[in-house]
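Input: a single structure, listed below in structure tokens.
The numbers here are math on the coordinates, done by the rules we state, and not lab data. These numbers were taken from a predicted model, which means no experiment stands behind them. Don't worry about glycine lacking a Cβ; one is built from the backbone with ideal geometry, like all the others, and counts go over all protein chains shown.
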Amino acid sequence: MGPLIVNEIISQNTNYLLAFVIGIGFGFVLEASGFSSSRKLAGMFYGYDTVVLKVFFTAAITASLGLLFFSLFGWIDLSLIYINPTYLWSAITGGVIMGAGFIMGGFCPGTSFCGAAIGKIDAMIFIAGLFIGVLIFTEGYPLFEKMYMAEFLGAPKVSDSLGLKDGVFAFLLVLAALGMFWAGEWAEKKFPREEY
Amino acid sequence: MNSKKSNYLNPYLGGVLLGLVLLSAYYISGRGLGASGAIKSAIVTTVETVAPAHAENTEFYRDYKTTHPGNPLKSWLVFEMLGVLAGGFLSGAIAGRLKFKVEHSPRITSKRRLAFALMGGILFGVGSQLGRGCTSGSALSGMANLSLGGFISMAAIFGTAFALAWFFRKNWI
Amino acid sequence: MKSRVILAAFIIPLGLIIAAVPAYKTLSTSVSPEEILNEVRSGIQIITTDEVAEMIIAKDPSLLLIDIRSPEEFEKFNLPGALNIPIDNILSDEWIDIFDQNIKMNVLYGNGTTKSNEAWMILRQLGFENNYVLQGGLNYWAETIMNPKPPSNINPDDEIAKYDFRKGAGQALGGGSISVNQGNESTTKKAVIKRKKKKKRVAGGC
């Protein structure tokens, strides 16, 4: 039963090796979907290319349904997987800063590595920026600490916060995603641009 | 699967594949994908090597050391991100997209594009640490396991980018 | 355009299935049969009638008694403050939050212990903690708490003390003249049962 590492089915070193393999899959799919192109990524915010929206939400609904089905079949123990803790203010502030970085830089960290891998110089500069940004955070940690730790909510699930079953929430998420895809394709027709 | 005008993967197929990669990360390692954490590991290692005295005296690095024993570079995310580089290169090589270039709207110069890329990177670097994870680590992985934080991050990142899109339209369109 | 329809054709039915299965089926199942066997063999799920009586008298807020018999039987007699969840209903979504929690100590009881043990095993298999079984069920409760037998004279002191406690408790709980809050506070200790440490979550984070 999964997760394999927790149940000691694989060793720590195998885990690292598989992390590398998973990373290859991650990088391959991102690049193959066009996430190595900043103009394609930024296109989402202007409606001319909604590939980010489609890939991102299709991946989210696939994985969340997958996790629930795996749990249903007894293949994975969901109580053992890592859930990022929620600190309300830092999540919102961090998200807002990242959103500004996204529209200015045209990448997010994962996609910038993909872009850099195929020779995008803007992606390499973006990565340099990431290093500076992380260094600013680690060096200036005392400045951020108060906000970083404020309003700790534990690691709640949205379904619990809304009082819905996980399955029902996942289904609603599927419907919402399909609705967005429909809107995205409509927007692509309305604001057409050539491929880059 | 390729349409006439694009040699990129069909986005829905790409999404399903990405979802399966994420699912296998959960199944094998019990955790989602990430990116910015690998950069943090690299930064911590660099600081510890270049300025060990400084690392000793600074709260953040000391805390990091106690919560993450061992070599910071020997972490799941570092291996995963090395894989991302390899995977991205592989896909680019197969599709014939390997080329050094600066991508930008014809209406701006390369210099301006690079300046914005740097600024964006810095903001993303700070934001991802403050928000405990970036688009992949917090938003995508968080949404997959239905965590509240994942949805908050997702809404904040994309909401802000949409809200600011108009101001930076010249860079992209 | 077309691929979206294909995606929808696959993912909507899957979503419907996952929305339709009962909540407990997708909850964590972290307890192996071996672990449950170990727990059952060591009787870790059993709570003695004395412990429960003490907790009731002390109005310990962490105690939740769950009567798994039928509503008719529950109407006739039940322990003070008990909640009636007939065994056939333990898997309904309505009660999941009661069984799957880390705050209260749920004590299941029936007339004997067969049914409450059955219920406990099912809940345990789902990975739920903090569920216990009342030793001997209501029959044993009646025997030990309601009508305790006086120990014979050769019994050691603590047997006599136990008898005194049971007699007092029986009177308090059976509607005798002794007021419920009297005295017993000081002797009350919370029943804490140590379980085997759970496997740790994966540490992670970006």
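Find the Cα radius of gyration of the protein assembly as shown, compare it with 2.2 N^0.38 Å by division, and give the number to two decimals.
After normalising by residue count via 2.2 N^0.38 Å, the value is 1.18.
Label-to-label distance, C:Lys59 versus B:Ala51, with points set 7 angstrom from Cα along the beta-carbon direction: 6.0 nm. Volume of the convex hull of chain A (Cα atoms only), normalised per residue: 154 Å³. Taking amide H atoms as placed 1.01 Å from N in the peptide plane, the amide H of C:Ile46 lies under 5 Å from those of C:Val133, each 5 or more residues away in sequence or on another chain.
Annotation: aspartates and glutamates with alpha-carbon distance below 16 angstrom to B:Lys111 (same-chain offsets under eight excluded): A:Asp122, B:Glu103.
Backbone phi angles across the stretch B:142-156, fed through the Karplus curve with coefficients 6.51, -1.76 and 1.60 (θ = phi - 60°), yield HN-Hα couplings of x, 5, 5, 9, 6, 7, 4, x, x, 6, 5, 4, 4, 5, 5 Hz in residue order; Gly and Pro are listed as x. When the Cα positions of A:Gly105, A:Thr138, A:Thr86 are compared along the charge dipole of chain A, A:Gly105 comes out farthest toward the positive end, with charges on each C-beta of Lys, Arg, Asp and Glu.
The mean number of partner chain beta-carbon atoms within 10 angstrom of a residue's beta-carbon across peptide B:63-70 is 1. Footprinting exposure proxy ranking of B:His54, B:His104, B:His68, fewest other C-beta atoms within 10 angstrom first, gives B:His54, B:His68, B:His104.
Estimate the FRET efficiency between B:Ala115 and C:Asn78 by the formula 1/(1 + (r/R0)^6), using the beta-carbon distance for r and 51 Å for R0, to the nearest 0.05. Calculated transfer efficiency: 0.10. Here is the tail figure for the stretch B:34-100: Cα pairs spaced more than 21 Å apart come to 39 percent of all pairs. Pairs of Cα atoms nearer than 8 Å and 6+ residues apart set the relative contact order; for the stretch B:63-173 it is 21 percent.
At q = 0.21 Å⁻¹, what is the log10 ratio I(q)/I(0) for the stretch C:28-138, with the Debye formula run over Cα points and no solvent? Summing over Cα pairs of the stretch C:28-138 leads to -1.20. Around the amide H of A:Gly2, modelled in the peptide plane, lie the amide H atoms of A:Ile76, A:Asp77, all under 5 Å away and 5 or more residues distant in sequence or on another chain. For the stretch B:105-173, a Kirkwood radius taken over Cα pairs fed into Stokes-Einstein (4 °C, viscosity 1.567 mPa s) yields D = 98 µm²/s. Which whole-number percent of Cα pairs in the stretch C:6-80 have a distance greater than 18 Å? So the portion of pairs separated by more than 18 Å is 70 percent. Relative to one another, the C-alpha centroids of the stretch A:131-196 and the stretch C:103-141 are positioned 42 Å apart. When the pairs A:Lys190/B:Lys101; A:Lys120/B:Lys40; A:Lys190/C:Lys2; A:Lys40/A:Lys120; A:Lys54/B:Lys74; A:Lys146/B:Lys170 are compared against a 25 Å limit on Cα-Cα distance, A:Lys190/B:Lys101; A:Lys54/B:Lys74; A:Lys146/B:Lys170 fall above it. For chain B, the alpha carbon positions stretch 56, 41, 34 Å along the principal axes, listed from largest to smallest. Which whole-number percent gives the relative contact order of the stretch A:1-61, counting Cα pairs below 8 Å spaced six or more residues apart? Computed value for the stretch A:1-61: 15 percent relative contact order.
On alpha carbon coordinates alone, what is the Rg over Rh value for the stretch A:90-196, Rh being the Kirkwood radius?
That ratio is 1.07, to two decimals.
Label-to-label distance for C:Ala20 and A:Asp160 is 2.8 nm, based on points extended 7 Å past Cα in the beta-carbon direction.
Over all other residues within a Cβ to Cβ distance under 11 Å of A:Met44, the charged ones net out to +1, with Lys and Arg as +1 and Asp and Glu as -1.
Residues whose amide H lies under 5 Å from that of C:Leu83, counting only those 5 or more places away or on a different chain, are C:Leu65, C:Ile66, C:Asp67; hydrogens are built 1.01 Å from N in the peptide plane. Look at where the Cα atoms of the stretch B:5-26 and of the stretch B:76-137 average out, and the two centres are 18 Å apart. Its Cα gyration tensor gives the stretch B:1-70 an equivalent ellipsoid, and the semi-axes of that ellipsoid, as √(5λ) in whole Å with the largest first, are 40, 16, 7.
Diffusion coefficient (Stokes-Einstein, Kirkwood radius over C-alpha pairs, 37 °C, 0.692 mPa s) for the stretch A:77-147: 234 µm²/s, rounded to a whole number.
With semi-axes defined as the square roots of five times the eigenvalues of the C-alpha gyration tensor, the equivalent ellipsoid of the stretch A:1-110 measures 30, 18, 15 Å, largest first.
In a simple Cβ point-charge model (Lys, Arg +1; Asp, Glu -1; nothing else charged), chain A has a dipole of about 360 debye relative to its Cα centre.
Summing charges over neighbours of A:Ser71, with a neighbour being any other residue whose Cβ is under 12 Å away from its Cβ, gives -1 when K and R count +1 and D and E count -1.
Rounded to the nearest whole Hz, the Karplus-based 3J(HN,Hα) values (6.51 cos²θ - 1.76 cosθ + 1.60, θ = phi - 60°) of the stretch C:159-173 follow the sequence 5, 5, 4, 4, 4, 4, 4, 4, 5, x, 5, x, 5, 5, 7, with x at glycine and proline.
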